[in-house]
Amino acid sequence: MLQDLHSHTYYSFCGADQPEEVVEAAIAGGLKLIGITDHNYGVCCQRLDVFFYQNQDLGEDHYRCFKRYYDHINLLREKYKDKITVLRGIEICTLDRFRYHINDEDDISFFDYCLIENIDAIEQSVAKGDLLAYAERCGCRAGVAHTDLFAFSKKIGYDPYDFFKKMAERGIFWEMNVSYDPTHNYRQHQYMLDFFESPEQQEIVRRAGVEVSVGFDGHRVCDYLPERVKDYCTKIEQMGIRMPFEDLV
């Protein structure tokens, strides 16, 4: 399935474009499914000057900020439903500093899915390396963004197959981040390159039953490369590995 489950809009401090422009770029590129996944702290704090003004008490309740963002993406889901499937997602930072992570009281269960990042920064993450528990805390479908899960599973004492099996049982998917743009200095993630070059890794993932997604992690529509996204989607399909949300398209 031709999908991109990792994209940013002006709701993220690092994003530039209206959500409508991101969806239309995906349609023009021939994708069948696009997920909007803005950063939780961009959605909640909304303005950079507010985000970096550390002495200001913003309170604990981010529900209305999350809901406004969700409602906007939901309008696009309806507007473009005859052209593409739009999913209402969010990227969750787990770094335990400043205002990056979500609060214990924050409800994100109404999103179609979330992308969890920084899970491998064990000492600096509020998840403390427990991906399975943190994904359950999120309450919605969860994926792991731009992370080498083979290295991570070994780091926390798991055999990779056993770890991927536990992920599959809980519906947690693994993102192949295929970004290649000036925002990321044209850097390619080594774990992604290793996976597509390793029949052994592919077989472990396939046997474990974990689903694998593709995400460009786009921040500027002008830099978007849909052909690159489609190429990697096709490679995953050829491996016989399922992708998330296949039943929706």
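The values are calculated or read from the model by the stated rules, or taken from the named source; none is laboratory data. All of these numbers come straight from a predicted model, not from anything done at the bench. Note that each Cβ is placed from the backbone with ideal geometry, even for glycine, and that neighbours are counted across all protein chains shown. Heads up: the accessible areas ignore ligands, DNA and RNA and are worked out on the full protein's heavy atoms, side chains in. Shrake-Rupley method; radii C 1.70, N 1.55, O 1.52, S 1.80 Å.
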(message) Test of understanding: what is the full-extension gain from Tyr186 to Asp159, defined as 0.36 nm times their sequence separation minus their Cα-Cα distance?
(response) 6.5 nm
(message) Can you classify segment 109-249 as rounded, prolate or oblate using the Cα gyration tensor, where a ≥ b ≥ c are the square roots of its eigenvalues, rounded means a/c under 1.5, and otherwise it's prolate if a/b beats b/c and oblate if not?
(response) rounded
(message) Need one number: nm distance between label points at Lys83 and Phe98, each 7 Å from Cα along Cα→Cβ, rounded to one decimal.
(response) 3.6 nm
(request) Sort segment 157-217 into rounded, prolate or oblate with this rule: let a ≥ b ≥ c be the square roots of the eigenvalues of the Cα gyration tensor; rounded if a/c is under 1.5, and if a/c is not under 1.5, prolate when a/b is larger than b/c, oblate otherwise. (result) prolate
(request) Only helical DSSP H runs with n ≥ 4 go in: add -39500 (n - 2.57) per run for the chain, normalise by residue count and round the 222 nm mean residue ellipticity to 500 deg cm²/dmol. (result) -10500 deg cm²/dmol
(message) Could you give each residue of segment 6-19 its phi-based ³J(HN,Hα) in whole Hz, using Karplus coefficients 6.51, -1.76, 1.60 with θ = phi - 60°, and x for Gly or Pro?
(response) 9, 8, 10, 10, 5, 5, 8, 4, 8, x, 10, 10, 5, x
(request) Provide the FRET efficiency to the nearest 0.05 for the Ser109-Cys14 pair, computing r from the beta carbons and using R0 = 25 Å. (result) 0.50
(request) Calculate how large, on average over all directions, the projected area of the Cα convex hull of the chain is; give the answer in nm² to one decimal. (result) 12.5 nm²
(request) Whenever you get a sec, compute what percent of the accessible area on the chain sits on carbon and sulfur atoms (1.4 Å probe). (result) 45 percent
